[in-house]
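> Right, I'll just put the structure down here and ask away after.
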Amino acid sequence: MQYFVTGATGFIGKRLVKKLLERKGSVVYFLIRKESHDKVAALRKYWSTGATRAVPVFGDLTSKKLGISADDVKKLKGQIDHFYHLAAVYDLGADEASQIAVNVDGTRNTVELAKLIGTGHFHHVSSIAAAGLYEGVFREDMFDEAENYEHPYFMTKHESEKIVRLECRVPWSVYRPAMVVGDSVTGEMDKIDGPYYFFKLIQRMRQLLPPWLPSIGLEGGRINIVPVDFVVDALDTISHKADIDKKCYHLVDPVGYRVGDVLDIFSRAAHAPKMNLFVNAALLGFIPRSVTKGLMALAPVRRVRNAVMKDLGLPQDMLTFVNYPTRFDCRDTLAALKGSDVVCPNLKDYAWRLWDYWERHLDPDLHIDRSLRGTVGGKVVLITGGSSGIGLAAAHKFAEAGATTIICGRDTAKLEEACQQARDKGYSFVAYPADIADLADCDRFVKQLIADHGGVDFLINNAGRSIRRAIESSYDRFHDYERTMQLNYFGCLRVTMGFLPGMVARKKGHVVNISSIGVLTNAPRFSAYVASKAALDAWTRCASSEFADQGISFTTINMPLVRTPMIAPTGLYNNVPTLAPEEAADMIAQACIFKPVRVATRLGITGQLLHALLPRVAQIAMNTSFRMFPDSGAAKGAKPGDKPVKQQLSHEAVALQQMMRGIHF
């Protein structure tokens, strides 16, 4: 047998050629562009064959008679038993002109060549898209009944099949594969398409929610998925049978699923939350088109929609097909495959292989450098309060990753000590003495950094002051509120606003503000500290909205309790479970890499939700904890040098500390 194949380098075509070459004495001629000549050797290696059995024919699908030379046409005349036409654009997002050029004009050129060389049988690989958005069951003997195929992909698939039916002058057969996914045995796939578009959404759900938590899915319309190995095996088997002239075969899954069922199957395969409750997407149909169109005319709505679709890796047209209305009968295909071992496997049995292959090879995040070095290497990073604690631990990470790491603080001795630590480890810091609580000194410091370094790429607002004192002990200490606000809010803003103009000019920059878990839990005894951090959080939310379209991003880290010199005076914290400064530095590094809007622990988010949904319950819980833990000696008025009073905690207080890791008490 001698074969001619277009699209032999494609996902299906490559495997079909391999299958055809397994037939004894077979020779396959395959169309390939001249500029792709260097791919021939790799193809033959994949097919495990030599030059005599896999013969390239150079040409172009968009040219008349495929642009094949007269000599090649002469060699092919009367030699081809089976001609397989697979070359096409399989992409919902491709522009209409390219789809017409390849799918429609390319098919016409192919049909002309098949007639010219006297092909024995012409096999056209179409698609279920040729049916358009037909309402109901589309049979294999139906074609003209197709409807609602205005979309370029549907239209060109329909028109190309029409060319074969009306213009092909040699015996022909048509095959309509369903949505083709990876190999059911290996999971191998060459691109993100079809259900793969939803894999990123499923992955996000798995990252955010525990697998046992029930989730809501979208029921949607019917979707038919088949693995590539089934399509190839079925195509090979049916195309070599007798009495298939002018017949069409649906290479589909006889079972078929709703969109929601498919998403749930892949969620289970990914160990993501199972979709136990489904919302029928058809319910959205009650919204008049005029309303939808009007909403899409609003710039904010369009930007939000586009951002969400881009973030999830979904093409803009994907939602159009969520309510896909067509089911496909395949009785002729089943009859043709009867007696063979070719059967479409159940999606539930191989979905895990598809997921595993996607996550190992196709996940877009795999091709993005998510390392700290890839993010900050060669960039200027400023860490305020970088001479000790969280700031110093973060500075070591950034310097080790190749950033120009600038630290500042009030104590020059501590700055020099920090710089010496860096030198001992083989890298360096750039240290500047600066008092962030002094607004005039902030201005001086910012001007000096702009002059010396041209500004900063990453700003870590870490410098801060914490005061643990009940309000009833602060009636005559209003300066506690003033000094925390001066450093934690005004100083931070002064530095940030000093660098923002340069970031705007460069259209890039990232600001990380170290806030507190106390802002989410409204921790008692920390009213001065929490209020200053809450003000910073609110300002950051406003700034994020203003600069979102200028390449500048902000991250707020609601940091849990960290064992640093700032909490050392509170003896109560000696046995409290806290984060190490290095763990806190990891949170800062991740904030710079991924640039989320907020970084918070689950405990902090739980506290925020409790205050939002059950504020009275939250108040009772926090008041109870307030009464369980005593004030520190300093808060009670103890002077430096006074003998510390030993504080004995109740068993309930100790248990609460262990349960609420990171909460300020």
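> Would you please put 1-8, 49-56, 457-464 in order of how densely packed they are, using the mean number of other Cβ atoms within 10 angstrom per residue and starting with the highest?
Result, highest mean Cβ count within 10 Å first: 457-464, 1-8, 49-56.
> Size of the dipole of the stretch 363-496 about the Cα centre, Lys and Arg at +1 and Asp and Glu at -1 on the beta carbon, nothing else charged, in debye to 20?
Dipole size: approximately 80 debye.
> How much length, in nm to one decimal, is gained on full extension between residue 186 and residue 115, taken as 0.36 nm per residue of separation minus their Cα-Cα distance?
21.7 nm
> Dividing the Cα convex hull volume of the stretch 2-366 by residue count, how many Å³ per residue is that?
Spread over its residues, the Cα hull of the stretch 2-366 gives 152 Å³ apiece.
> At 4 °C and a viscosity of 1.567 mPa s, what translational diffusion coefficient does Stokes-Einstein give for the stretch 431-536, taking Rh as the Kirkwood radius over Cα pairs? Give it in µm²/s as a whole number.
88
> Also: Check cross-link reach from residue 115 to the lysines: straight Cα distance under 20 Å, and skip same-chain residues fewer than eight apart.
Residue 115 reaches 64, 65, 74, 75, 77, 162, 246, 247.
> Please state, to two decimals, what the Cα-based radius of gyration of the stretch 116-201 comes to when divided by 2.2 N^0.38 Å (N = residues).
1.30
> Given charges of +1 on the Cβ of Lys and Arg and -1 on the Cβ of Asp and Glu, with all other atoms neutral, how large is the dipole of the stretch 65-195 about its Cα centre, in debye to the nearest 20?
That gives the stretch 65-195 a dipole magnitude of about 740 debye.
> What is the spread of the Cα atoms of the stretch 375-482 along each of their three principal axes, largest first, in whole Å?
The Cα atoms of the stretch 375-482 stretch 49, 28, 27 Å along their principal axes.
> Take peptides 263-274, 202-213 and line them up by average Cβ neighbours within 10 Å, highest first, as a rough protection proxy.
263-274, 202-213
> Around residue 430, which amide H atoms from residues at least 5 apart in sequence, or from another chain, sit under 5 Å from its own amide H, with H modelled in the peptide plane?
405, 406, 407
> Please list, or write none, the lysines whose alpha carbon is within less than 17 Å of the alpha carbon of residue 45, excluding same-chain residues fewer than 8 places away.
14, 18, 19
> Which whole-percent values make up P(r) of the stretch 475-554 when all C-alpha to C-alpha distances are grouped in 5 Å steps starting at zero?
Result returned by the calculation: 3, 14, 23, 21, 16, 11, 7, 3, 1, 0.
> Evaluate E = 1/(1 + (r/R0)^6) for residue 586 and residue 271, where r is the Cβ-Cβ distance and R0 equals 25 Å; express this FRET efficiency to the nearest 0.05.
My answer for the efficiency is 0.55.
> Please report, in whole Å, how far the alpha carbons of the stretch 22-170 spread along each principal axis, starting with the longest.
For the stretch 22-170, the Cα extents along the three principal axes come out at 49, 30, 30 Å.
> Just tell me which lysines come within less than 16 Å, Cα to Cα, of residue 425; anything on the same chain fewer than 8 places away is out.
Within the straight-line cut-off, residue 425 pairs with 397.
We did not get these values from a lab; they are worked out from the coordinates using the rules stated. Computed from a predicted structure; not experimentally measured. Backbone-built Cβ (ideal geometry, glycine too); neighbour counts: all protein chains shown.
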